[in-house]
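For reference, the structure discussed in these notes is given below.
What follows draws every value from the coordinates through simple rules; no lab data is involved. All values derive from a computational prediction rather than experimental measurement. No Cβ is skipped: glycine too gets one built from the backbone with ideal geometry, and neighbour counts run over all protein chains shown.
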Amino acid sequence: MSGIDSLPPLRDVITTHGLSARKSLGQNFLLDLNLTAKIARMAGDIENADVLEIGPGPGGLTRGLLAEGARRVLAVEKDARCIPALEEIASAYPGRLEVINGDALELDPTERLTPPIKVAANLPYNVGTELLVRWLTPPSWPPFWQSLTLMFQREVAERIVATPGSKAYGRLAVLVQWRASAQIVLNLPPGAFTPPPKVSSAVVHLTALNAPRFPADPKALERVVARAFNQRRKMMRAALKGMAPDIEDRLIASGIEPTDRAETVGLEQFCALARNLG
Ligand code: SAM
């Protein structure tokens with residue numbers, strides 16, 4: 001037997017290595033290997049890519065990625081208790097899995113990977129959102145990653161793909177959709193995880209665009225969008241007051257009515273405004 005067939009079931013791995021789930025590390029494990037293989041397939045063509053996996057835990061998604069043919073996987077896990085279980089997987093797939101015991105927020109793993117690079121992760125939600133924002137705001141574009149396949153709390157996934165006029169539309173949607181395409185590719189109920197979290201989850205697949213959809217300076221865009229959505233119930237002329245003495249004229253020049261609210265302003269208009277205020 002080789003590969004995945006030589007490895008014990010994940011429930012046994014958890015018992016053998018004493019991997020009782022820790023709330024402080026946001027540990028909700030996926031133990032169904034059919035499901036983790038399905039998520040791995042959602043990452044796209046991994047046979048010709050290196051995959052960065054953040055938070056592999058006992059290795060359910062790691063196994064899925066390797067069984068689906070990932071060229072190489074670099075797995076970064078904060079919990080030292082998981083490392084022996086992950087090393088067992090590495091032995092079953094010689095030369096294809098590298099495991100690092102570390103905090104993904106403090107590590108730059110890119111130098112160990114060869115492009116194209118895909119990221120796949122089932123992470124604690126707070127860490128996932130923080131990393132997503134970092135991955136979307138690199139010093140230069142295109143970023144190191146070609147695609148991101150990430151598990152989020154359903155409500156966060158909806159904010160990522162939201163369109164103008166919807167309640168979920170805000171800063172995150174603009175930040176994501178400016179330079180990436182994003183889709184919810186799978187919805188999962190709490191019962192898909194062990195232990196089950198309180199809320200539903202969703203997998204979001206994001207692909208980096210080669211260039212932004214509309215030109216704008218990233219910092220200027222971020223500033224405008226942060227101000228606009230900080231007071232999302234206010235009209236744009238009030239929310240952005242103080243950003244320029246002639247803010248109303250600049251809004252109009254950007255195709256925005258001064259009485260519009262941020263939640264109805266589209267990406268193209270926000271980019272125009274960032275240019276007009278730049
Ligand atoms: N991927 C596994 C699965 O699907 O079963 C585990 C998912 S669990 C939701 C999140 C994992 O991320 C845990 O194993 C946890 O220890 C790890 N983790 C939490 N914070 C981390 C961080 N800052 N850096 C790396 N791993 C982290």
Next on the checklist: With Kirkwood's inverse mean 1/r over C-alpha pairs for Rh, give me the Rg to Rh ratio of the chain, two decimals please.
Outcome noted: 1.04
Next on the checklist: Taking 22 Å as the cut-off for C-alpha to C-alpha distance, list the pairs among Lys23/Lys167; Lys78/Lys118; Lys23/Lys118; Lys118/Lys167; Lys167/Lys234; Lys118/Lys219 that go past it.
Outcome noted: Lys23/Lys167; Lys23/Lys118; Lys118/Lys167; Lys118/Lys219
Next on the checklist: Straight-line reach only, C-alpha to C-alpha below 19 angstrom: list the aspartates and glutamates that Lys38 could link to, leaving out same-chain residues fewer than 8 apart.
Outcome noted: Asp5, Glu47, Asp50, Glu53, Glu68
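Suppose we take every Cα in segment 150-276 and form the convex hull; what volume per residue is that in Å³? Intermediate results must be reported in sequence, preceding the final value.
Details: hull volume 13.1 nm³, N = 127.
Taking only Cα atoms, segment 150-276 has a hull volume of 103 Å³ per residue.
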Checklist entry - Mind checking which of Met151, Met235, Met243 has the largest fluctuation in a GNM of the chain, springs on alpha carbons under 10 Å? => result Met243
Checklist entry - Which value in nm describes the separation of the simple spin-label points at Ala211 and Ala21, placed 7 Å from the Cα toward the beta carbon? => result 4.6 nm
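Would you work out the relative contact order for segment 218-277, in percent, from Cα pairs under 8 angstrom that are 6 or more residues apart? Working shown, then result.
Numbers: 69 pairs, mean separation 24.6, N = 60.
Relative contact order of segment 218-277: 41 percent.
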Checklist entry - Taking the Cα-to-Cβ direction at Ser166 and at Glu98 and moving 7 Å from each Cα, how far apart do the two end points lie in nm? => result 3.8 nm
Next on the checklist: Under a crude label model (7 Å from the Cα following the beta-carbon direction), how far is Asn34 from Arg154 in nanometres?
Outcome noted: 2.2 nm
Checklist entry - Picking from Leu131, Leu30, Leu107, which is most flexible by a Gaussian network model of the chain using Cα springs under 10 Å? => result Leu107
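Using Cα pairs under 8 angstrom and six or more residues apart, how large is the relative contact order of the chain, in percent? Before the final figure, lay out the partial values.
Working: 527 pairs, mean separation 41.7, N = 278.
About 15 percent, as a whole number.
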